[in-house]
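The values are calculated or read from the model by the stated rules, or taken from the named source; none is laboratory data. Worth saying up front: this structure is predicted, and the values here are computed from it rather than measured. Note: ideal-geometry Cβ built from the backbone for every residue, glycine included; neighbour counts use all protein chains shown. Note: accessible area is taken over every heavy atom of the protein model, side chains too, but ligands, DNA and RNA are not part of it. Shrake-Rupley method; radii C 1.70, N 1.55, O 1.52, S 1.80 Å.
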There are 2 protein chains.
Amino acid sequence: MILLEVIKSLSNQTRLSILEWLKEPFAHFPAEELADYSPDLGVCVSDIAKKAGMSVPTVSVYLKTMLAANILIATRKDQWTYYKRNEQSIQELARHIKDNL
Amino acid sequence: MILLEVIKSLSNQTRLSILEWLKEPFAHFPAEELADYSPDLGVCVSDIAKKAGMSVPTVSVYLKTMLAANILIATRKDQWTYYKRNEQSIQELARHIKDNL
DNA sequence: TGCAAATTTAGGGAATTACCTAAATATCTA
DNA sequence: TAGATATTTAGGTAATTCCCTAAATTTGCA
């Protein structure tokens, strides 16, 4: 884990919020959009962009940044890319800060 | 704790390194400079700046940023300002990421 | 094949951050 | 009080980040 990369991927309010929204999708996204939601997949880019009130390209890049830091997991299915949290990496981050920072 | 503020204060390699150096001052600063070192106080600004290879003003601002985020503790003594880690806050950060992020 | 929907990639302006030097301030000491 | 040392504040340039629109790509489907 490259700590600086992970921290940078979280050093923006929108990206931090996305991570929180994905913790409980049903609490943050309209039910229609989650019609065929699965915890395996997560939420697609355009739904996240709508929630963030930002353009799809901006959010797409944000998600890729977090994916590169291994904080999110992406799955392409048909024409959608779904993102979910990487709970293991988030716990690893907490552990790393606790023990090594 | 304002998570974003804390994360931003750590989102720079130099600031991250400073936090690590302060974990074990004797492993990272010349013994002469630590002649009257005390864990209560920590290390002074100019010693940290020298170690970082950066100007004193830059490092002074960096340290203030981390102080504002409550990740460091500052003590003014005579004409020196000493900085040490705020271990409690660092553990609180780890806990916050573990439980709330 | 060809259109439609979702996403990604490119390109660019605005805002923020990085980091410097110079100047101002604080504090000790002669 | 004057000088020396440490730090902070101010001010500026360069690099990076933010976040947009336009264009290109991917994939499903008629």
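Results, tabulated for the structure shown:
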read-out	value
B:ILE18 away from DNA strand C (no atom under 12 Å from the Cβ), of a type in the set (A, V, I, L, M) and surrounded by 18 or more Cβ atoms within 10 Å (Cβ to Cβ)	no
Hits in the stretch B:32-53 - residues which are closer than 25 Å to A:ILE97 by Cβ and assigned to a strand (DSSP E or B)	B:GLY42, B:VAL43
Meets criteria (open to solvent by 10 Å² or more (accessible area, probe 1.4 Å), within 16 Å of DNA strand D (Cβ to nearest atom), at pLDDT 95 or above and closer than 23 Å to A:ASP78 by Cα) for A:ASP47	yes
Considering residues of the stretch B:54-100 that are open to solvent by less than 70 Å² (accessible area, probe 1.4 Å) and assigned to a loop (DSSP other than H, G, I, E, B) only, the residue nearest to the other protein chains (Cβ to nearest Cβ)	B:ILE71
Pairs where the first residue, in the stretch B:49-66, is under 16 Å from B:LYS84 (Cα atoms) and the second is hydroxyl-bearing (Ser, Thr, Tyr), C-beta under 6 Å, 6+ apart	B:ALA52/B:THR14; B:LEU63/B:TYR83; B:THR65/B:SER9; B:MET66/B:SER9
Residue match in the stretch B:15-26 (condition: of a type outside the set (Lys, Arg) and away from chain A (no Cβ under 14 Å))	yes
